[in-house]
Amino acid sequence: MKAKIALLAGDGIGPEIMKEGVKVLSAISKVFDHSFELISAPIGGQAIDKTGNPYPQETHELCLEADAILFGAIGDPKYDNDPSAKVRPEQGLLAMRKQLGLYANLRPVKTFPALYAHSPLKPERLEGVDFLVVRELTGGIYFGDKGLSENGEKAFDTCSYSSEEVRRVALMAIDIARERSKKLCMVDKANVLATSRLWRRVMQGLAAENSDIDVEYLFVDNAAMQLIIRPNQFDVILTENMFGDILTDEASVLPGSIGLLPSASVGNSTAVFEPIHGSFPEGAGKGIANPFGMIRSVALMLDIQFGLKKEADLIEEAIEKALEQKIGTPDLFPEAPVSTADAGQWITDYIQKSGN
Ligand code: IPM
Ligand code: MN
């Protein structure tokens, strides 16, 4: 097949992991005879430095005409340590999600037996963990009215949702649950928040219309605890934007490193595939960034966006084999790590060998 892919490497370790993702994608295209046209564009701090805008119009136009977008990471301490900064790299990512209408972020979480020993949790808690978080991505407190009083002593962020915003992402989660184990857990804070009560009302209506799906509800504080106590009880988790952000960082502890988790942001326009981790500025340029979350995002893209299941499975198989052979960056194997480039090369070689 032929496809045009926008590459938005971004900040910090973004460019390093993107390089490994592209290496793997090129190996796949050779072995399976696909043709991917790759076009890079700036986003985040990188784009602010070049154009003053963290999501320049040219980047948006490229995203609109691409068949898929690969995204690295965003964020720079230069801005984190300056609360008065008017433009921030993160605004680039948020603007991209909003302008492309990517209202659902799918974050699959599974554990790898080869890494059980590296998780802070006991192996028996990690067995059979394989769930998907559907995080609402273009609403809630991330996008509500916010501000600072004139004297700078009061600030506010507003969380707001419309029933339609809830409905479209809930329907997507229901469709996904139908393809999996038909179990859906909605996470909210309906005992306190009005928005959560709206989420519940909408979900209860949809649950009644989709009675083949078993829907249960958890408060977010309890869900945070359940994710650690008995993570294998979950299959599909549906939640709002900020709860999903926090719970998926927490969930990344289960496999052993946040550097392993991929995600897909989908909705009305070109889908974005990105690892869930941040830009890890302290690690940039040192060859210690884990490229597996990025590489697994490439696999997710091949699977979800292009229907190339065999190709995606081969990448996942390569990752599993690498982990079995203790090939990984310092976050995974601190005793005997390999570099970012070597970890990516190992996966690339595995794919090339399988093709011969
Ligand atoms: C993520 C990130 C972003 C978010 C940041 C960088 C804005 O943490 O993709 O989870 O909070 O959504
Ligand atoms: Mn996050």
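The values are calculated or read from the model by the stated rules, or taken from the named source; none is laboratory data. All values derive from a computational prediction rather than experimental measurement. Every residue, glycine as well, gets a Cβ built from its backbone with ideal geometry; the counts of neighbours run over all protein chains shown. Protein only, heavy atoms only, side chains kept; ligands, DNA and RNA dropped before computing areas. Shrake-Rupley method; radii C 1.70, N 1.55, O 1.52, S 1.80 Å.
Just give me the residues in segment 148-161 being open to solvent by less than 50 Å² (accessible area, probe 1.4 Å) and within 21 Å of Glu240 (Cβ to Cβ), in sequence order. Once the filter is applied, which keeps residues that are open to solvent by less than 50 Å² (accessible area, probe 1.4 Å) and within 21 Å of Glu240 (Cβ to Cβ), segment 148-161 yields Cys159, Tyr161. Close contacts from segment 175-202, counting a first residue that is β-branched (Val, Ile, Thr) and a second that is open to solvent by 70 Å² or more (accessible area, probe 1.4 Å) and in a helix (DSSP H, G or I), with Cβ to Cβ under 7 Å and a gap of 6+ residues or different chains, come to Val202/Arg167.
Results for (1) open to solvent by less than 10 Å² (accessible area, probe 1.4 Å); (2) not aliphatic (A, V, I, L, M), shown as yes or no for each residue.
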| position | (1), (2) |
| --- | --- |
| Leu8 | yes, no |
| Val24 | yes, no |
| Ala41 | no, no |
| Thr59 | yes, yes |
| Leu70 | yes, no |
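Restricting attention to segment 72-102, the residues that are in a loop (DSSP other than H, G, I, E, B), of a type in the set (D, E, K, R) and more than 27 Å from Glu20 (Cβ to Cβ) add up to 2. Restricting to segment 318-327, what's the tally of residues that are open to solvent by 20 Å² or more (accessible area, probe 1.4 Å) and under 20 Å from the mean Cα position of the chain (by Cα)? Residues meeting the conditions: 1. Number of residues in segment 228-252 that are more than 16 Å from ligand 1 (Cβ to nearest atom), hydrophobic (A, V, I, L, M, F, W, C) and surrounded by 16 or more Cβ atoms within 10 Å (Cβ to Cβ) equals 3.
Scan segment 27-44 for residues that are touching a strand residue (DSSP E or B) at 6+ places or on another chain (Cβ under 8 Å) and not aromatic (Phe, Trp, Tyr) and jot them down. Within segment 27-44, Ser29, His34, Ser35, Glu37, Leu38, Ile39, Ser40, Ala41, Pro42, Ile43, Gly44 meet the criteria. Tyr55 fulfils the conditions (1) assigned to a loop (DSSP other than H, G, I, E, B); (2) open to solvent by 20 Å² or more (accessible area, probe 1.4 Å) except for a single criterion, (2).
Of the residues making up segment 96-150, those that are among the polar types (S, T, N, Q) and more than 16 Å from Glu316 (Cβ to Cβ) are Gln99, Asn105, Ser119, Thr138, Ser149. Among the residues of segment 185-226, those identified as within 23 Å of Val253 (Cβ to Cβ) and surrounded by 14 or more Cβ atoms within 10 Å (Cβ to Cβ) are Cys185, Met186, Val187, Asp188, Lys189, Leu218, Phe219, Val220, Ala223, Ala224, Gln226. Residues in segment 33-45: is at least one closer than 30 Å to Glu311 by Cα, without any contact (Cβ under 8 Å) to a residue 24 or more places away in the chain and outside any helix (DSSP H, G or I)? Looking for residues that are closer than 30 Å to Glu311 by Cα, without any contact (Cβ under 8 Å) to a residue 24 or more places away in the chain and outside any helix (DSSP H, G or I), one finds at least one in segment 33-45, hence yes. Remark: pairs (first residue in segment 98-127, on the phi > 0 side of the Ramachandran plot and away from ligand 2 (no atom under 16 Å from the Cβ); second residue of a type outside the set (Phe, Trp, Tyr) and open to solvent by 10 Å² or more (accessible area, probe 1.4 Å); Cβ separation under 6 Å; 6+ apart in sequence or on different chains) = Gly101/Gly267; Gly101/Asn268; Gly101/Ser269. Any idea which residue in segment 214-223 is nearest to the chain's Cα centre (by Cα), counting only those that are away from ligand 1 (no atom under 16 Å from the Cβ) and either touching a residue at least 40 places away in the same chain (Cβ under 8 Å) or part of a helix (DSSP H, G or I) (or both)? Looking at residues that are away from ligand 1 (no atom under 16 Å from the Cβ) and either touching a residue at least 40 places away in the same chain (Cβ under 8 Å) or part of a helix (DSSP H, G or I) (or both), I get Ala223. Only one of the numbered conditions (1) in contact (Cβ under 8 Å) with a residue 60 or more places away in the chain; (2) within 16 Å of ligand 2 (Cβ to nearest atom); (3) crowded, with 18+ Cβ neighbours inside 10 Å is not met by Gly256, and that is (2). Count of segment 89-105 residues, restricted to those that are open to solvent by 10 Å² or more (accessible area, probe 1.4 Å) and either away from ligand 1 (no atom under 12 Å from the Cβ) or closer than 12 Å to Phe71 by Cβ (or both), is 5.
Just need a number here: residues in segment 131-148 that are in contact (Cβ under 8 Å) with a residue 40 or more places away in the chain and in a strand (DSSP E or B). Even if it seems obvious, please write down each step before you answer.
As a first pass, look at segment 131-148 and keep what is in contact (Cβ under 8 Å) with a residue 40 or more places away in the chain: 131-143.
Pick out the ones that are also in a strand (DSSP E or B) and you get 131-136.
Qualifying residue count, segment 131-148: 6.
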